[in-house]
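The values are calculated or read from the model by the stated rules, or taken from the named source; none is laboratory data. Note that the coordinates shown come from a computational prediction; the quantities given were computed from them, not determined experimentally. When we count neighbours, we look across all protein chains shown, and the Cβ atoms used for this are built from the backbone with ideal geometry, even at glycine. For the accessible areas, the whole protein counts, side chains as well, though only heavy atoms, and no ligand, DNA or RNA atoms are used. Shrake-Rupley method; radii C 1.70, N 1.55, O 1.52, S 1.80 Å.
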Amino acid sequence: MEFTENLSTNRKSEQERADVLANPGFGDFFTDHTAVIDWSADDSGRNGEWHDARIEPYGPIAMDPAASVLHYGQEIFEGLKAYRHADGSVWTFRPHANAARLNKSAQRLALPQLDEEVFVESLRKLVATDINWVPTGDGEALYLRPFMIATEAFLGVRAAREVSYRVIASPAGNYFGGELKPVAIWVSKNYARAGRGGTGSAKCGGNYAASLVAQLEAEENGCKQVLFLDSFNDNAVEELGGMNVFFVTKDNKLVTPALTGTILEGVTRSSVIQLAKDRGMEVEERKITLDEWREGIATGDITEVFACGTAAVITPIGVLKNGEELIGDENAVAGEVTMSIRQELLGIQLGTVEDRHGWLERLA
């Protein structure tokens, strides 16, 4: 698919861009351009095609007030990063895995499939256009946000016949900010992130919207993130609002909740599992309950806990709070295994550690 270019005549100046890159934060600033591809179907809704692939100036989206996404939430998104290597080239990490997950989410939300190569090409075109926005600071990257929204103006409840796929980019620093140290996590008692048969395994906005009230509760109690449980399954650990959870045991096992349809299959999650296996660790994907977490910390059977995701990469967890008890140690330090896997993963992404699995793909 060929992309046409309509480049911005109002790009940020070199000084404005430098000011942003000096302290990018996370998701606060955006590059000068966006990649866009439109999709239209016939009256049956069964036959459609992608068309008008383009790079255009970043800016507001003109949308009819009756657009399906505004009323029925028919949308999905992805998240991945572009990394500046020492030679100035820019690479991304496992983009085909993100493309495959986008299509899995699209299938669940009745949206069209996008060819994986077109997905990767949209990233390549945008990064090449806005390459000067890729940061060079320690732990920094250009966060890429592909998303797909239903744009058809129609209030009937059916799959939309007009869809827009877009990619925006944002320079990103440390997700939690400052020095990396174990974070406190709030255990949600009253809210669920997703239900069986629902959209838990899809990366769609509704899942995140459902988590926000619990996230506010977490912040009110001094916690960075919220942990969701399956209250109908012995309070089995599911995931955080936007991250998967891992446990390191004293007998050198790595344990993570099994994918049950309510948990998002994270690209970072699968990468961590592979890196753990590479170093000889036994990996268990299984049910793990809050009781097991509590008892494992108390007895020393669980020696480290961490969360992982594209935005934060790997973040150690120090303590769980639920308003009645603390599980863990508020003064905990990051665990050896946690930091070792984190350093290896970041090293692969930044090109300083051998990419044994061919996960990197050059964008510019």
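Here are a few things to note about the model shown:
- For Asp355, the solvent-accessible surface with a 1.4 Å probe is about 50 Å², rounded to the nearest 10.
- Each of Tyr143, Tyr72 has its accessible area taken with a 1.4 Å probe; listed largest first, they run Tyr72, Tyr143.
- Degrees between helix 336-350 axis and first principal axis of the chain (Cα, 0 to 90, nearest 10): 20
- Cα gyration tensor category, rounded, prolate or oblate, for the range 5-94 with a/c compared to 1.5: prolate
- Neighbour-limited loop hits for GluC sites (Glu not before Pro), the range 1-84 (at most 11 other Cβ within 10 Å; DSSP other than H, G, I, E, B): Glu2
- Between 0 and 90 degrees, the angle of helix 267-278 with respect to the longest Cα principal axis of the chain falls at about 50 degrees.
- Subset of Lys12/Lys203; Lys224/Lys321; Lys12/Lys125 violating a 22 Å alpha-carbon distance limit: Lys12/Lys203
- Within the range 1-107, trypsin sites (Lys or Arg not before Pro) in DSSP loop having at most 12 other beta-carbon neighbours inside 10 Å: Arg46
- For Val36, the shell of other residues with beta-carbons less than 10 Å away shows a net charge of -1, using +1 for Lys and Arg and -1 for Asp and Glu.
- Remark on the range 1-152: ratio of C-alpha radius of gyration to 2.2 N^0.38 Å is 1.11.
- Accessible area per residue in Å² at 1.4 Å probe, computed on the range 1-126: 51
- Heavy-atom accessible surface of the range 234-293, averaged per residue, reaches 36 Å², computed with a 1.4 Å probe.
- For the range 54-132, the gyration tensor built on C-alpha atoms gives an oblate shape. Its axis ratio a/c (a ≥ b ≥ c) is at least 1.5, and a/b is not larger than b/c.
- At most 13 other Cβ within 10 Å, DSSP loop - trypsin sites (Lys or Arg not before Pro), the range 117-191: Arg158, Lys189
- For the range 150-250, the alpha carbon positions stretch 52, 40, 30 Å along the principal axes, listed from largest to smallest.
- Dividing the convex hull volume of the alpha-carbon atoms in the range 210-266 by its residue count gives 116 Å³ per residue.
- The Cα-based radius of gyration of the range 178-231, divided by its Kirkwood radius, gives an Rg/Rh of 1.02.
- Tilt relative to the chain, helix 205-220 - C-alpha long axis, 0 to 90 degrees, to 10: 40
- Counting only DSSP H runs of at least 4 residues, each contributing -39500 (n - 2.57), and dividing by the residue count of the chain, the helix-based mean residue ellipticity at 222 nm comes to -8000 deg cm²/dmol.
- By the equivalent-ellipsoid construction on the alpha carbon gyration tensor, the range 113-152 comes out with semi-axes of 24, 12, 10 Å, ordered largest to smallest.
- Only Lys, Arg (+1) and Asp, Glu (-1) charged, at Cβ; the range 112-218 dipole about Cα centre in debye: 500
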